[in-house]
1. Modelled label-to-label distance, residue 122 and residue 12, 7 Å Cα→beta-carbon offset: nm?
2. Can you give the three extents of the C-alpha atoms in region 13-60 along their principal axes, from longest to shortest, in whole Å?
3. Round to the nearest 10 and give me the degree value, 0 to 90, for the angle of helix 160-170's Cα axis relative to the longest principal axis of the chain.
4. Where does helix 13-22 land angle-wise versus the long Cα axis of the chain, in degrees 0 to 90, nearest 10?
5. For the Cα atoms of the chain, what angle does the longest principal axis make with the long axis of helix 100-111, in degrees from 0 to 90, nearest 10?
6. What residues qualify as long-range amide H neighbours of residue 151, i.e. H under 5 Å apart, gap of 5 or more or another chain, H built at 1.01 Å from N?
7. Which cross-chain or sequence-distant (5 or more) residues have an amide H under 5 Å from the amide H of residue 124, H modelled 1.01 Å from N in plane?
8. Once you treat every alpha carbon in region 76-170 as an equal point and sum by Debye, what is log10 I(q)/I(0) at q = 0.24 Å⁻¹?
Amino acid sequence: MRGVNVNGRNMKMAEACGVFSAAGMEQVSSVLASGNIIFQSHHKKQELSAVLEKALNDHYKMESKLFIKDAGEIKAILDAVPYAPDPDWHVYAFICDPGFENTLAREFESLSQGGQSNESAVVNGGYFYWRVRKGSTVDTPFSKILGNRKYKEQFTSRNIGTIEKVWRKME
């Protein structure tokens, strides 16, 4: 889910898991408090967003945006990470509406014209990846896009470490 526990929104993961269960999902669990919920379902993947967004909207009385990824897609995100692990850097994958990864890449290029040395970005495997020096995540020109209202429903980002935790729990 995107936008969990930001801008005054406070969604407890145990409660959100309950909403998923009530909507017919099985083996529901969360990973961290960041909106990552793992579940099984008899629904077709293309139906899941509508079913779960309605359930969340009805329960919380606010709009919810979901990006549904199956185990293969989570593995593909991890396999496409273009950066080697480095303890001094954060790497984020952006999960977004189809094609929006290219918009993110264009935005990054336009905001980084000055040769920003504490971040880099690339589209790989259909995903946008952003690498930023630890301690400067909110201080870079590109970080400002994370809160840009005109884009807010089109993507969510996750630290690669979080995605690895999701994958391990899905295995």
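Derivation of every value follows stated rules applied to the coordinates shown; laboratory data play no part. Since the structure is predicted, the reported quantities are computational estimates derived from the model, not experimental observations. Cβ placement follows ideal geometry from the backbone for every residue including glycine, while neighbour counts extend to all protein chains displayed.
1. About 4.3 nm separates the two model spin labels.
2. 26, 21, 16
3. Approximately 30 degrees, to the nearest ten.
4. Helix 13-22 and the main axis of the chain meet at about 50 degrees.
5. The two axes meet at around 30 degrees.
6. Answer set, sorted by chain and number: none.
7. Under 5 Å from the amide H of residue 124: 129.
8. Once normalised to I(0) and log-transformed, intensities are -1.44.
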